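What follows is a set of notes on a single structure, which appears directly below.
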Amino acid sequence: MLKKRIIPCLDIKDGKVVKGINFSNLTDVGDPVILAKEYEKYGADEIVFLDISATCENRAIAGEILKRAASALRIPLTIGGGMCSIDDFRSILRLGADKVSINSAAVKNPDIILQVVKEFGTQCVVVAIDTDGENVFINGGRLNTGIKLTDWVKKCEALGAGEVLLTSINRDGTKRGYDIKTLKKVAKCINMPIIASGGCGSVFDIVDLFKKTECSGALVASILHYKATTIYEIKREMIKNRIPIRKGYNNDKF
């Protein structure tokens, strides 16, 4: 079995990390780089920064935050939000991102996936998908495209995407557990790695995810931001349940 990844997600708005419920009612959590460094210290495998208002505000992600994070972190960094063109990808990767996440722009122009894969390789491209379990939503989960989720993930794989970051809008911030049913459905359609997002409320939700699905990674936010647990504790519980973990660079605790 492939080793599973624990990936803190930091939603960024106006330069701060925020968290809400069902993509709304956002509250300020803190500085993105300080939080990312803390999560790295406690065993995060990767970090995801999502500038959640970049697309709606028709702008690129704040480059200063990315430069600070890239220079401070030793684990892979994925950046998403406001990517509309191949030039945006070039800029973000040159600033230090390891991967770029694309959502709304890919739905509007799927050929951008092909372009990025051709220039930078499959490993750089993460397609983020916001869904209600049936359809694909864009613009920060505000607009239902009417595109069927299963059709879209198949197309993304055919275009060469490296992995899918699948967020359940209905579970986001609710702490009711991941949308196992939808994740299983998607896994039957594609072979590329899936990162599950939305609904994690405890360490046991992560264990449940990896026991019941083929997902390669778990995106976590609220339980870390609000100090309900730590990545050390998550990984210890995974070891108890014989779920293979990645130890990360700071691996002396495992």
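The values are calculated or read from the model by the stated rules, or taken from the named source; none is laboratory data. If you're wondering where the values come from, they're calculated on a predicted model, not measured in any experiment. Positions of Cβ are backbone-derived with ideal geometry, glycine not excepted, and every protein chain shown enters the neighbour counts. Ligands, DNA and RNA are excluded from the accessible area calculation, which covers all protein heavy atoms including side chains. Shrake-Rupley method; radii C 1.70, N 1.55, O 1.52, S 1.80 Å.
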Look at Val207 and say whether it is β-branched (Val, Ile, Thr) and assigned to a helix (DSSP H, G or I).
yes
Residue check, Ile113 against (1) closer than 18 Å to Leu219 by Cβ; (2) open to solvent by less than 10 Å² (accessible area, probe 1.4 Å), all met but one. Which one?
(1)
Name the one entry in Asn191, Asn170, Asn144 that is among the polar types (S, T, N, Q) and modelled with pLDDT under 95.
Asn170
Please state which one of Lys184, Lys118, Lys175 is outside any strand (DSSP E or B), exposed (fewer than 15 other Cβ atoms within 10 Å of the Cβ) and in contact with a Ser or Thr (Cβ under 9 Å, 6 or more places away or on another chain).
Lys184
Being open to solvent by less than 40 Å² (accessible area, probe 1.4 Å) and modelled with pLDDT under 90 is true for just one of Ser101, Ser53. Which residue is that?
Ser53
Scan region 124-139 residue by residue and report those that are modelled with pLDDT of 95 or more, open to solvent by 20 Å² or more (accessible area, probe 1.4 Å) and polar (S, T, N, Q).
Asn135
Restricting the search to region 227-247, which residues are in a helix (DSSP H, G or I) and either touching a Gly at 6+ places or on another chain (Cβ under 7 Å) or without any contact (Cβ under 8 Å) to a residue 60 or more places away in the chain (or both)?
Ile231, Tyr232, Glu233, Lys235, Arg236, Glu237, Ile239, Lys240
Would you say Leu73 is within 20 Å of Val17 (Cβ to Cβ), open to solvent by 30 Å² or more (accessible area, probe 1.4 Å) and touching a residue at least 24 places away in the same chain (Cβ under 8 Å)?
no
Could you run through region 136-170 and say how many residues are in a helix (DSSP H, G or I) and not aliphatic (A, V, I, L, M)?
7
